[in-house]
Structures are given as C-alpha cells and as structure tokens.
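For reference, the structure I am asking about is given below.
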Amino acid sequence: MEHRQVLEALSGLLLVLFVAMISSTIVSTALPRIIGSLNGTQSQYTWVVTATLLTATAATPIWGKLADLYNKKALVQIAIVIFLVGSLVSGFAQNTSQLIAARAFQGLGVGGLQALVQVVIAAMIPPRERGRYNGYLGGVMAVATVGGPLLGGVIVDTSWLGWRWCFFIGVPFAVLALAVLQKTLHVATIRRDNVKIDYLGAALIAAGVAVLLIWVSFVGGSFAWGSWQTAAMVGGAVVLLAAAVWVESRAAEPVVPLDIVRQRTTALAIVASLAVGMAMFGGAVFLGQYFQIGRGFTPTEAGLLTIPMMFGVLVASTVSGQLITRTGQIKPYIVTGTLVLVAGFGWLSTIDHETSLVSVGGAMVLVGAGVGMSMQNLVLAVQNTVALRDIGAASSSIAFFRSLGGTVGVSVLGAVLANRVTETITQHLAAAGMHAPSGGGTSSLNLNALPEAMRTIVREAYGDATGRIFLISAGIALIGVVAAVFLRPAPLRTSIDLPAPADPDDTEVFAAVGAGSSTTSPIAEAAGPRHRR
C-alpha cells in the first residue's frame, strides 16, 4: 500500500481504537453519578468496570487467533457492531444488572478492536516502517486515557446531557469508522483448507482468566486473602489454566501458540508488558482519585490536570517511532522507556496532599514518556520476530497479558490504598476526638456529606497515601526494565512477512537475516549489498 492509502485506512482504525478505549475511561469520573441514579450498590459499582475488562481480556487471544484464520477486515467490522450494540444497550439500561450485562457484552467488542487494530496494521505496514505509525497509536491512546475522564466529567456536569451520553457519544464515531474502513481498508485474506478452531482451549482460557479476575476484584473486600474463597478461586483458576496449557500444546490450531510464547523475545515482551500494564493502569486510575479526593478538584479539573501525562505519551511515542523507523533499532528505546517509567513513578511516590502541582505534573510527564516509548514498541518487537500468519496470535498475547497486568495492578494497588487510608483516617479521627463515619469506607468518599473537619482528615489521608502506591508501581516497573534489558537486539525487517528459507539447510541463515531484509533469498541477503546489486 502507498503512504496515502495507509493513512486513509489508518484513519478509520485509529478512530475505532479511540472509541473502544474511551468507552472504558469515560465512565471513571461518571460512575458515582451513574450508580447513584440507578440505586446500585458498592459491589455493583465495581462490576460495571470489571465486567467490561473481564470479557475484553478473556476474548483478546480468541480474536487474535481468528485474525490468523479469517478475513481481518470482516472481523474488525464484526467487533465494531458488537461494540455498538453494547453501547446502545448500556445507555438505555434501567438498572445496574442490565448495565453490567450490557458492559460485559460491550467488552467482547472492545477486546476485539484493541487486538485487531494492531493485527491489521501489522498486515499493512512492514516493521521497519511501523515505528512512525506507532506514534499515531500512542497519541490516540494518550488522548483516550486522559481525555476520557475529562469528557465523562463534562458530560455528567452538563444538565442537558446526563450520564447516558457517556455510552451514546461513541456510537456515531463507531458508525463513521465502520464506513471509513469499508471504503479504505483492503487486507488480503490467506485462506487455508481444513481450518480448525480450538474451542476447548478458548473456553478454558476464558474460564481461567474469568475466575482469576473475579478473585482479584473481590479479595480483600468481600472476603479475606487467606479465606477458603481465595483458595477455591485461585486453585480453580490454576487448574483451568493448566488444563488450557495442556490442550494448547496438543491442538492443531491453538488459540495461543505456545511455540510463539516460548520464544525469547515474546516471553520477555510479555513479562515487560505485564509490568508496564500493572504500573500504568494502576497509576492512571489513582491519579484521578488523588486529584479529586486528595486535592479537592472537580472531575473536569482532574481531567485537565492529567494532560501532562498525555503530553508525555504523545511526544515520546511520536519521536521514538520516527527514530525507530530511521535507525531500524528498537531495543534502546524500550529500555529507555522502562527506565523513564521507573523514574516517573519514583518521583510520584514523593507526593502528598500539599505537593506542588508543578512537581506532580513533571512526574506525570515522565510516566507518560515512559509509557509512550515502551508499550507499543513491545508489541512491535514481537511482531518483528513472527511470520505474518502468526501476527494475530502474537499481538493479542501481548495485549492479553498487558490487560491482565493492568487488572491485577488496579486491584492490588487499590487494596493497599484502601488499607492505608482506613488506618490513617482512624488514627487522625481518634486524635481529634471524633468517630469514623458509619457505613464503611464508601461513606468517606461522599465528602459533601461529611463535616468540614472530617472532610479535611479524609482529604489528607488520601493525598498522603497515594504516594505509597506509586512507590509500588515503581517497583513493578523495575521488572519491565530487567525484561527489556534481556531482549535480543534485532533490526526491524522491511518486509511484511518473514522470508521463507529455500530449503531446510537454510534455517540458520534465515534466522540470522530474516528480521532485517525484504529479499526473498536468505542466501542473497547473507551475501551482502554487493551480491544484491
């Protein structure tokens, strides 16, 4: 495809990716108003978020495998339709049970879009050229991550809109993306005979991940870490995932090809993605809470204050993408990105309820820059090492583990924050001769219903406790640094697919040069530029 054709197709892909991502972030500031309007409980509050993340995470590897077997354009359009239906039903929900079910259905489409956009781009653009386009992806993700909460706050604060428009607003953009992709996206389909889909493996993976995420969502709240429920859920998830590994190792068309996951680059990228996902998603969620509860800003103001992170992601992803395309090297930028991410979270670990907003903003720029240089480039590093037929499975594996890491990170960091806040509030109230508010931890978040003295104590507790979870995020991000350092340096290939060896004896030559050339003959590539001329 020519550059103009790529940009035309990319416009539709980026639009639908933006809509899919913003559907998850837009409810973060609007959810208290939504649950209050529907008379929901705290447990249902959690599940409105968890339901979407649960189905999206579990469905990601399945969408990726389908992309290796069927027409990628048709799959993207199917995912858009699923997302549209889920969005409309969510907007018309009359109670929290309907909303949770609709959000779970919407998550199937979100998971498909997040995985398939990466797959389609890999099928259009060679790895060497893909770096500069990753800047566009990073920018879209930055705007969706930071702009979503801001837009949600504006919508719920606007009387003539209301919270239902948090779900309706993405519908016209998704329809527009559907039309643009129908006209501009043309991806060849390689059809194979005797295609077999591993339904059993897919079911076991989905069930194992579902049980694990349900446990992560409720442990420490509905039941203790050392309870029988924990033993049953964790044990059940381990058994299901172990069975999935056994099935995948014997399936003719596995959903997650183990031979790809076991490769050094893919395995290290998965570890790094887990770490980046846990640090990034956990950090982003609690920054909004820090600004609103710990500092007293409105949802709209909190969204504006997170712009420095968006700026860091946008600039770093764009600049690093251009440099990667120019040099053909990717490892130095991934290593640098993970180091910058650790530095940013280390800086954020020093904040409290009185920290200068300039200092907080500077730390957020570093966090955004670290994410922009590492997250998308980890996907690119994996795509560079696999054949075109396995692009879907490889890309979705990275997205799957990153999403899983983000879910675990949010839950673990949330538990740490809740325990620290409860301890601090109890100590300060006792010192002031006051009693804790009735109704548990949820009432402390309703600041308008608290006396002024108690409101100040709650704000200080949240503002001071947030730094501790960012210190944990920095420790988690260090794992990503280690994984990035051990990545094998490899130049980005200039071909869409790996060139096939001429015969079995060429395997070693192919492995050495296949990542760096678009030539069809490995022997010619090994001979050097003079031979090619």
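Taking the solvent-accessible surface of protein heavy atoms with a 1.4 Å probe, what is the per residue accessible area of the stretch 54-120 in Å²?
On the way: 1850 Å² over 67 residues.
Per residue, the stretch 54-120 has 28 Å² of solvent-accessible surface.
Measure off 7 Å from each Cα along the Cα-to-Cβ vector at residue 327 and residue 471, then give the distance between these two points in nanometres to one decimal.
Label at residue 327, label at residue 471, 3.4 nm between them.
What's the extension gain from residue 239 to residue 158 if we count 0.36 nm per residue and subtract their Cα-Cα distance?
Details: separation 81, 0.36 × 81 = 29.16 nm, distance 4.87 nm.
Residue separation times 0.36 nm, minus the Cα-Cα distance, leaves 24.3 nm.
Which Rg and Dmax, in Å, describe the Cα atoms of the stretch 193-343?
20.7, 61
Going by average Cβ neighbours within 10 Å, how do the peptides 113-124, 96-107 rank, with the highest at the top? Don't skip to the answer; put the middle values down first.
Numbers: 113-124: 26.2, 96-107: 21.1.
In decreasing order of mean packing, 113-124, 96-107 become 113-124, 96-107.
How high is the relative contact order of the stretch 1-113, in percent, counting Cα pairs under 8 Å that sit 6 or more residues apart? Intermediate results must be reported in sequence, preceding the final value.
Details: 107 pairs, mean separation 40.5, N = 113.
Value for the stretch 1-113: 36 percent.
Excluding residue 99 itself, what net charge comes from residues whose Cβ is under 14 Å from its Cβ, given Lys and Arg +1 and Asp and Glu -1?
That works out to +3.
Grab the beta carbon distance between residue 186 and residue 85, set R0 = 22 Å, and tell me the FRET efficiency rounded to 0.05.
Details: r = 26 Å, r/R0 = 1.19.
After rounding, the FRET efficiency stands at 0.25.
Once amide H atoms are built 1.01 Å from N in the peptide plane, which residues 5 or more positions from residue 219, or in another chain, come under 5 Å H to H?
none
Quick one: if the Förster radius is 25 Å, what FRET efficiency do residue 258 and residue 5 give, using the C-beta to C-beta distance and rounding to 0.05?
After rounding to 0.05, the efficiency reads 0.10.
Could I ask something else about it? Report in % the part of the accessible area of the stretch 237-379 that belongs to carbon and sulfur, leaving out ligands and nucleic acids; probe 1.4 Å. If you can, show how the numbers build up before the last one.
Numbers: 3850 of 5400 Å².
Carbon and sulfur: 71 percent of the exposed surface of the stretch 237-379.
Could you list which residues have their amide H under 5 Å from that of residue 353, counting only those 5 or more apart in sequence or on another chain, with H placed in the peptide plane?
Residues meeting the criterion, in which the H sits 1.01 Å from N, are 464.
Could you check the spin-label model distance between residue 304 and residue 249? Points 7 Å from the Cα along Cα→Cβ, value in nm.
Distance between the two pseudo-spin positions: 5.7 nm.
Still on this structure, I have one more. Counting only other residues whose beta carbon sits under 10 Å from that of residue 155, what net charge do I get with K and R as +1, D and E as -1?
+1
I would also like to ask the following. Which whole-Hz ³J(HN,Hα) couplings does the stretch 357-364 yield from phi under the Karplus relation 6.51 cos²θ - 1.76 cosθ + 1.60, θ = phi - 60°, glycine and proline marked x?
With the stated coefficients, the stretch 357-364 comes to 5, 5, 5, 4, x, x, 5, 5 Hz.
I would also like to ask the following. Give a residue-ordered list of calculated ³J(HN,Hα) values for the stretch 476-484 (Karplus: 6.51 cos²θ - 1.76 cosθ + 1.60, θ = phi - 60°; whole Hz; x for Gly, Pro).
5, 5, 4, 4, x, 4, 4, 4, 5
The values are calculated or read from the model by the stated rules, or taken from the named source; none is laboratory data. Computed from a prediction, not measured in an experiment: that's the story for all the values here. Cβ atoms come from the backbone with ideal geometry, glycine included; neighbour counts cover every protein chain shown. Note: accessible area is taken over every heavy atom of the protein model, side chains too, but ligands, DNA and RNA are not part of it. Shrake-Rupley method; radii C 1.70, N 1.55, O 1.52, S 1.80 Å.
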